[in-house]
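First comes the structure, then the notes that go with it.
Just so it is clear, none of the values below were taken in a lab; they were calculated from the coordinates. The structure displayed is predicted, hence computed values, not measured ones. Methodologically, a virtual Cβ is constructed for each residue, glycine included, from the backbone with ideal geometry; neighbour enumeration extends over all protein chains shown.
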Amino acid sequence: MKMSLIAAVVSATMLFGAPTVFASDSKAHKAQYRAVLKNELSKKQPGAVALISKEGEVIFKKAIGSANLELNVPLKAKNVFKIGSISKQFTAAAIMILQERGKLSVHDDIHKYVPDFPTEGHVITIEQLLTHTSGLANYTEDRELMLKEIQAPATLDEILARFAVHPMKFQPGDAMAYSNTGYVLLGKIIEVASDQSYADFIDEHIFDKLGMKNSHYAGRQIIKHHVSGYELSAKGYVNAGYIDMIWPHAAGALSSNVFDLNIWYSALANGVLISEQSYQQMLAPVTLNDGSTSNYGYGLVTTTVGEYQAIGHAGGIHGFVSDAVYIPEESLYVAVLANSTNRNPQVLTQRLAAKALDLQSPSYKEIQLTSQQLKAFEGAYQFESGAVRRIEYHDGDLYTQEGDGYIAELSPASSDTLFFDQSTAYMKFVTNEQGDIVMNLYVNFSETPLKAIKSR
């Protein structure tokens with residue numbers, strides 16, 4: 001029997017020495033990790049599994065919550081979850097494997113592989129699909145499709161024909177706009193270039209090669225250790241709505257567990273699966289037509305935890321949400337997989353990573369301010385990048401939105417500080433020498449704020 005690459009690495013570790021003891025593996029750190037999870041999760045509700053590793057070695061794992069409410073089965077660390085858009089990095093890596101083998105180039109026009117897909121006369125490259133800069137619409141924003149059609153079985157060609165009716169949003173390369181449609185197209189391109197189904201290609205060239213035995217294309221097959229997914233309604237938890245997994249395809253149809261994802265990130269970062277050159281190409285910021293850049297690479301987002309560079313992606317699909325982040329400088333990996341869509345795994349991964357890195361975690365309690373005091377925060381605040389974040393007052397509460405992004409609720413911690421209810425981010429407001437009100441936005445535990453000036 002052929003030994004997998006990861007098995008060979010493990011065997012070498014056993015042969016040449018005992019596991020390293022890391023500072024972030026101390027009893028004090030583990031107590032902090034448990035406290036982070038227990039503060040957000042309950043044993044009697046759908047919950048989450050978390051894992052932290054250092055240099056590929058697991059230093060913490062914990063499962064809290066129920067794997068199946070009807071059977072009263074507790075979660076275990078080995079449980080398998082649908083990982084939603086974390087699947088995109090596997091799709092991107094598959095493209096890089098095919099590029100290394102000369103089967104395609106990321107600079108190819110997609111019509112070389114999908115000649116009949118309409119692009120309104122524009123040339124769209126594979127790279128633009130990878131980086132969400134193609135201008136293609138996002139099919140998950142089609143309400144009718146998402147409410148009804150995704151429950152029905154279909155072929156890949158049939159769903160692409162359904163997506164083709166959506167008009168483009170902008171000229172390719174003009175902007176970055178998240179598009180699941182683009183990643184389903186990448187799945188089709190992988191099939192054409194490899195002469196294999198997407199599922200078979202991922203199985204053979206990634207999962208089997210790395211020994212990821214608990215990772216699968218999540219169709220209707222029975223998957224050992226797979227948990228049930230839930231949604232929170234006004235009356236309590238309910239089973240997640242059904243989706244035929246042909247619809248998310250290469251954009252989000254994979255299942256995995258935290259141990260396999262640890263194998264994956266270690267292999268990706270250490271040249272086990274693709275070359276260092278290909279890996280760096282996946283991480284590189286894309287330059288838009290106007291010369292600005294986006295932090296979304298090929299299926300991976302470059303961000304920060306404190307002052308550390310971080311790489312990762314979140315995921316969400318019916319009944320499941322997930323997040324995984326890798327800190328290259330510290331070879332630190334954190335993943336959280338949850339089986340209910342009301343959870344916020346990004347907050348958990350950020351807080352766990354911050355504890356492992358010994359970063360100070362902001363902790364705020366809401367205070368009561370008058371409506372007049374709250375309304376004083378209202379306005380449009382412009383960052384140096386040109387982006388604008390608005391704060392508005394409605395029915396006694398403050399809400400904020402940057403551009404066309406999601407709307408988040410804010411709570412006051414003091415007369416000059418607001419914090420996000422479902423995030424680790426917070427804002428401090430000061431007046432500069434010119435008399436301008438300045439919003440200092442602190443995100444991801446960074447000590448360096450993003451500054452925005454209130455419009456007069």
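Based on the reciprocal of the average 1/r between different C-alpha atoms, the Kirkwood radius for the chain equals 23.4 Å. Taking θ as phi - 60° and the Karplus parameters 6.51, -1.76 and 1.60, the scalar couplings of the stretch 345-353 work out to x, 4, 5, 5, 5, 4, 5, 5, 4 Hz in sequence order, x denoting glycine and proline.
Residues Ser411, Ser385, Ser134, Ser275 in ascending order of nearby Cβ atoms (within 10 Å, fewest first): Ser385, Ser275, Ser411, Ser134.
Multiplying the residue separation of Ala152 and Gln401 by 0.36 nm and subtracting their alpha-carbon distance yields 86.2 nm. Treating each Cα of the stretch 318-375 as an identical point scatterer and ignoring solvent, apply the Debye formula and state log10 I(q)/I(0) at q = 0.25 Å⁻¹. Values returned for q = 0.25 Å⁻¹ are -0.96. A crude spin-label estimate for the pair His111 and Asp436, with each label 7 Å from Cα along the Cβ direction, gives 4.6 nm.
Computed over neighbours whose Cβ is under 15 Å from that of Thr287, the net charge equals -3, Lys and Arg +1, Asp and Glu -1. For the listed peptides 41-53, 62-74, a ranking on the average number of other beta carbons within 10 Å per residue, highest first, reads 41-53, 62-74.
Computed from the C-beta positions of Lys428 and Leu283 and an R0 of 25 Å, the FRET efficiency is 0.20 to the nearest 0.05. Rounded to the nearest Hz, the phi-derived 3J(HN,Hα) couplings of the stretch 241-258 under the Karplus curve 6.51 cos²θ - 1.76 cosθ + 1.60 (θ = phi - 60°) are x, 7, 9, 6, 6, 5, 5, x, 6, 6, 8, x, 9, 8, 10, 6, 10, 5, where x marks glycine and proline.
Annotation: the residues Thr140, Thr349, Thr431, Thr370, sorted from fewest to most other C-beta atoms within 10 Å of their own C-beta, follow the order Thr370, Thr431, Thr140, Thr349. Spin-label pair Glu100-Ala376: with each label point 7 Å from Cα along the Cα-Cβ axis, the two points sit 5.8 nm from one another.
Of the peptides 231-238, 120-127, the order by per-residue mean of other Cβ atoms within 10 Å, starting with the highest, comes out as 120-127, 231-238. The slack between Glu392 and Gln196, meaning 0.36 nm per residue of separation minus the straight C-alpha distance, is 65.4 nm. The label point for Phe383 and the one for Glu70, both projected 7 Å from the Cα toward the Cβ, are 4.4 nm apart. For the chain, adding -39500 (n - 2.57) for each run of n ≥ 4 DSSP H residues and dividing by the number of residues yields -7000 deg cm²/dmol at 222 nm.
Relative contact order of the stretch 82-356, taken over Cα pairs closer than 8 Å and 6 or more residues apart, is 24 percent. Remark: Lys38, Lys454, Lys355 ranked as Lys38, Lys454, Lys355, counting other beta-carbon atoms within 10 Å and listing the fewest first. Considering only Thr400, Pro412, Tyr198, and ranking their Cα positions along the charge dipole of the chain that arises from unit charges at the beta-carbon of Lys, Arg, Asp and Glu, the one farthest toward the positive end is Pro412.
Pairs of Cα atoms under 8 Å, at least six residues apart: use those to get the relative contact order of the stretch 371-454, whole percent.
21 percent
So for the stretch 371-454, what percent of the C-alpha to C-alpha distances run longer than 14 Å? In whole percent, the long-distance tail amounts to 62. Couplings for the stretch 319-334, taken from phi via the Karplus curve 6.51 cos²θ - 1.76 cosθ + 1.60 with θ = phi - 60°, read x, 9, 9, 7, 7, 9, 9, 10, 9, x, 4, 10, 6, 9, 10, 9 Hz in order; Gly and Pro are left as x.
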